[in-house]
Structure formats: structure tokens, C-alpha cells
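All of the numbers you see were taken from the coordinates with simple rules; none came from a lab. All figures in this text were calculated on a predicted structure; none of them were measured in a lab. No Cβ is skipped: glycine too gets one built from the backbone with ideal geometry, and neighbour counts run over all protein chains shown.
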Amino acid sequence: MISVALADDDELVRMGLRVLVTREADLDLVGEAVDGESALGLVRSARPDVLLLDLKMPGLDGLGVLRAIAADPALAHTRVIVVTTFEIDRYVVEALQAGASGFLLKSNVPAELVRAIRVVAAGDALLSPSVTRRVVGMFGRHLAASTPPQVAWDSLTAREREMVAWVATGRSNDEIARELVLSPDTVRTHVSRAMVKLAARDRAQLVVFAVQEGLTFPDAR
């Protein structure tokens, strides 16, 4: 069972997400919050697997919530999906840097939102490479400081670079394993080694690194 919390100051948005989560047998809604302070309190008390978080809330905003979660080792288990109205803005960039595992549009169809919860709960990132390319293109200087040195990229094996490229397509370890006819454990091992070598905080940051490096994504071949 995947425990899920919601944080959004729009009652209609919360209602839609509530219906979406509660109708799925493997998802358990553990609470809702209407602002940043209550969202942080909810995460600390309920320790959800996934938090669906709006960025623009009164008082403590979503970025503040993200940073507080990232700064507290006791909350490391909770993965955060930013649910936003706009695909690209500076808030999205800062959310990725603050530790978001991915972001979705509020207009996404229900099936995509449910898949997002499951993918992120499994430890995978949920970032569209096309959207990430636009983020890097618009805010490249803002992200440049986090780019791994070339020596780190050079230390990756051919298979590890391949795995980084596959991660950047937004696929989970299981999906990559099926594409390459490998075991999920093999994929997980290569991805983990690449993250260590690149000092990537999580898979979301790994996607950003892949775009910055200009890797060729499998879908583009």
C-alpha cells in the first residue's frame, strides 16, 4: 500500500486528487493540507510515501516545504511530486533543485497522475525529457553550478551512460529492464553506480545532468 498526502490551497484541486487517490486499491490517502505549514506538519506526522504538492500556497510556499523536507533526514522516505499549473517557470527549476522527485501538470489525465504516484513511490524520477530540455535551455546558468565535472562523466562505463540516457526518458527501472531484456536488479545496479559517480542526489537530478551533458535519449534514435 502506498500512502499519499495532498497539499493544495485550491479546494477543487484537492477534491479531484482525493477522488483519484481513494479509488485506487493500492493507494491510501493519509491526509490533506491547505497551506505550507500544515503540509509540513502532515508530512512529519503521517510520514507519507508520496506528497502531491502545490508550489504556490499562502504562508510557507511549496518550495519552503520541499526544502524543509530535504533538510530533515527523518523525512527522507517521503517523495514529493510537484503538481503545478504551468510546465515551465523558475519555480519548477527551484523545486527540482530543492529535491522534488518530479512534476506534473494539474491538467494531466487521471491515469498519468496515478502512474506518477506509483513510479515515484518506487524510487524513480518522473520527468519528461522534453520538458527538462526546456528547463535547462531557459535556466542553464541557474543550473550550471550543479553540473558534474567532465572527469565524473568520463568515469562512467558505456552501460552506465546508456542507463542514464534511459532514465532521462522518464522510464522506471522495470520499464528499462523490459526494453533491454535485463533484470530490474541489473538496471538498478547500473543506475545506482552512475548516481554515485556523478554525485546525483536522486534520479530527478540525474535527468537534468543527462540533458546538460547532451546525451542521446533512446526515444530519439
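Counting every other Cβ atom within 10 Å of each residue's Cβ, SER172, SER155, SER3 order from fewest to most as SER155, SER3, SER172.
Quantify how much of the Cα-Cα distance distribution of the range 144-220 extends past 15 Å, in percent. Walk me through the numbers before you get to the answer.
Values: 1415 of 2926 pairs.
Of the Cα pairs, 48 percent sit more than 15 Å apart.
Would you work out which of ALA199, THR169, GLN212 lies farthest towards the positive end of the dipole of the range 144-220, given +1 charges on the beta-carbon of Lys and Arg and -1 on that of Asp and Glu, about the Cα centre? Sorting the options by dipole projection puts first ALA199.
Available extension along the chain between MET1 and LYS56 is 16.9 nm, counting 0.36 nm per residue and deducting the alpha carbon span. Length available on full extension from ASP26 to ASP154: 0.36 nm per residue minus the Cα-Cα distance, which gives 41.9 nm. Annotation: amide H-H contacts under 5 Å for ARG79 (H modelled 1.01 Å from N, sequence separation of 5 or more, or interchain): VAL50, LEU51.
Extension gain HIS77-ARG47, at 0.36 nm per residue separation less the Cα-Cα distance, in nm? Don't skip to the end; give the middle numbers.
On the way: separation 30, 0.36 × 30 = 10.80 nm, distance 0.76 nm.
In short, 10.0 nm is gained.
Here, P(r) means the percent of Cα pairs in each 10 Å bin from 0 to the largest distance; for the range 2-123 it is 14, 54, 30, 1.
Computed about its Cα centre, the charge dipole of the chain is approximately 600 debye, with only Lys, Arg, Asp and Glu carrying charge at their Cβ.
One compactness figure for the chain is 0.99, namely its Cα radius of gyration divided by 2.2 N^0.38 Å.
For the pair LYS106 and ASP174, label points projected 7 Å from Cα toward Cβ lie 3.1 nm apart.
Extents of the range 12-75, taken as max minus min of Cα coordinates on every principal axis and listed largest first, are 32, 26, 14 Å.
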